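So the structure is just underneath, and the comments pick up after that.
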């Protein structure tokens, strides 16, 4: 594999990102997060869904999630070109 192929494979393509957190977010965070769809799950976890347009946007989302102070359970990248989900568990 050459350097060009390696760089292309490591780039984040646009798609949806699902971030699962332990615990429920309070209503105060709904307006502050803006770009996220927030789902409070019955099991007590919070699912944040956001559209990722590039790697810079992804880093911005992670920064906002970090500021929430809730434990990170998983991150799922849903690429519209692929049927499978890539999950990163923490």
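Just so you know, all these numbers are worked out from the coordinates, no wet-lab data involved. Predicted, not measured: the structure shown is a model, and the values here were computed from it. Quick reminder, even Gly has a Cβ in these numbers, built from the backbone with ideal geometry, and neighbours come from all protein chains shown.
Quick notes on this structure:
- Residues 62, 77, 36 arranged by fewest to most Cβ contacts within 10 Å: 62, 77, 36
- The residues 32, 20, when put in order of fewest to most other Cβ atoms within 10 Å, stand as 32, 20.
- With the simple spin-label model, which puts each label point 7 Å out from Cα in the Cβ direction, the residue 41 to residue 14 separation comes to 2.8 nm.
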